[in-house]
1. Let me spell it out: the conditions are (1) of a type in the set (G, A, S); (2) at pLDDT 90 or above; (3) touching a Leu at 6+ places or on another chain (Cβ under 9 Å), and S89 meets all of them except one. Which number is the exception?
2. Which one of the conditions (1) outside any helix (DSSP H, G or I); (2) more than 14 Å from the chain's Cα centre (by Cα) does E70 fail to meet, given that it meets all the rest?
3. Look through I94, I101, I119, I109 and report the one residue that is farther than 17 Å from C12 by Cα, touching a residue at least 12 places away in the same chain (Cβ under 8 Å) and not charged (D, E, K, R).
4. Look through the range 28-65, keep the residues that are more than 16 Å from L87 (Cα to Cα) and within 14 Å of the chain's Cα centre (by Cα), and return whichever of them is modelled with the lowest pLDDT.
5. Please go through the range 5-18 and pick out each residue that is touching a residue at least 40 places away in the same chain (Cβ under 8 Å) and either out of contact with any helix residue (DSSP H, G or I) (no Cβ under 7 Å at 6 or more places or on another chain) or on the phi > 0 side of the Ramachandran plot (or both).
6. With respect to G37, determine if the residue is at positive phi and surrounded by 15 or more Cβ atoms within 10 Å (Cβ to Cβ).
7. Condition (residue is touching a helix residue (DSSP H, G or I) at 6+ places or on another chain (Cβ under 9 Å), modelled with pLDDT of 90 or more and farther than 14 Å from F120 by Cβ) applied to the range 66-83: is it met by at least one residue?
Amino acid sequence: MSDVMKLYDEKCRQLLTESEIRFAGIVDKDGQLVAGGFKEGLTPHEGDETRLQSFLEFVSKASIRKEYDESLGPINYLAARRDKAVLVSFPFPITQILLLISAEPTANIENLAKKVVEIFTDVN
């Protein structure tokens, strides 16, 4: 694992200390998990990994679309609130990777976003 990925892995682990976060991972442009993962000791909901994969595909496509960047600015994050989970993705356009977070359905998306910015502010 490269130094950069080690750093991303550490940052994901830091996010996983938040009680509501179940999964925090960095995914490359091919949809492969390259850092982070599920919270230790947590049993993923049945189908979690499949759901994350489908969300990932959706998010990857949405994040690369640039048609509104000029008028509205780039995407800061994409969020989906489901009955059983909140899924949030943060694109890192320069490195073409995504941070994907899955949290409890009670999670406040804005607070999650603030936490991510706090933790990832010094990486690109």
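1. (2)
2. Of (1) outside any helix (DSSP H, G or I); (2) more than 14 Å from the chain's Cα centre (by Cα), only one is false for E70: (1).
3. Numbers: I101 fails: farther than 17 Å from C12 by Cα; I119 fails: farther than 17 Å from C12 by Cα; I109 fails: farther than 17 Å from C12 by Cα.
From the options I94, I101, I119, I109, the qualifying one is I94.
4. If we take residues in the range 28-65 being more than 16 Å from L87 (Cα to Cα) and within 14 Å of the chain's Cα centre (by Cα), then K29 is modelled with the lowest pLDDT.
5. Within the range 5-18, L7, Y8, C12 qualify.
6. Numbers: at positive phi: yes; surrounded by 15 or more Cβ atoms within 10 Å (Cβ to Cβ): yes.
When the stated conditions are applied, G37 passes them.
7. No, because not a single residue in the range 66-83 is touching a helix residue (DSSP H, G or I) at 6+ places or on another chain (Cβ under 9 Å), modelled with pLDDT of 90 or more and farther than 14 Å from F120 by Cβ.
The values are calculated or read from the model by the stated rules, or taken from the named source; none is laboratory data. All of these numbers come straight from a predicted model, not from anything done at the bench. All Cβ positions, glycine included, derive from the backbone under ideal geometry; neighbour counts span all protein chains shown.
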